[in-house]
């Protein structure tokens, strides 16, 4: 049976990007994403927020670090990855995260002058074609 692992999320960054380099000089960016879901129960509007940890590698990591900061909206496309480790007490721990393969700039409604507004998208999906 074939397998498929694809995630697409649009939300706001919860913190500034943490950019580090491996011993082999490969960039790794860690970012937090808040994704809101608005819905109605009877006539009452409600909202829930899901917080998602993401990581990007190489040039993608460097570009995200260059153009994004806390609070900025972003569209990411990637895959789920399960990290497993042992904590200090020897307990097994695990956590799902998204490995970012592509990203897209999202217009936040603010009109800033600067190169980040003109930067070309790395995602194969144009912003106008996003189904939500």
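Values quoted throughout were computed directly from the atomic coordinates according to the rules given, and no laboratory measurement underlies them. Since this is a predicted model, take the numbers as computed values, not measurements. Cβ coordinates were reconstructed from backbone atoms using ideal geometry, including for glycine residues, and neighbour counts include every protein chain displayed.
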Flag if residue 38 is exposed (fewer than 10 other Cβ atoms within 10 Å of the Cβ), touching a strand residue (DSSP E or B) at 6+ places or on another chain (Cβ under 6 Å) and farther than 14 Å from residue 78 by Cα: yes
Members of segment 36-87 that are closer than 18 Å to residue 106 by Cβ and not in a strand (DSSP E or B): 60, 63, 64, 65, 66, 67, 68, 69, 70, 71, 72
Any chance residue 96 is part of a strand (DSSP E or B) and within 19 Å of residue 107 (Cα to Cα): no
Residue tally, condition more than 18 Å from residue 11 (Cβ to Cβ) and outside any loop (DSSP other than H, G, I, E, B), over segment 22-35: 2
Criterion (closer than 19 Å to residue 6 by Cα, over 13 Å from the mean Cα position of the chain (by Cα) and exposed (fewer than 14 other Cβ atoms within 10 Å of the Cβ)) met by exactly one of 107, 87, 83: 83
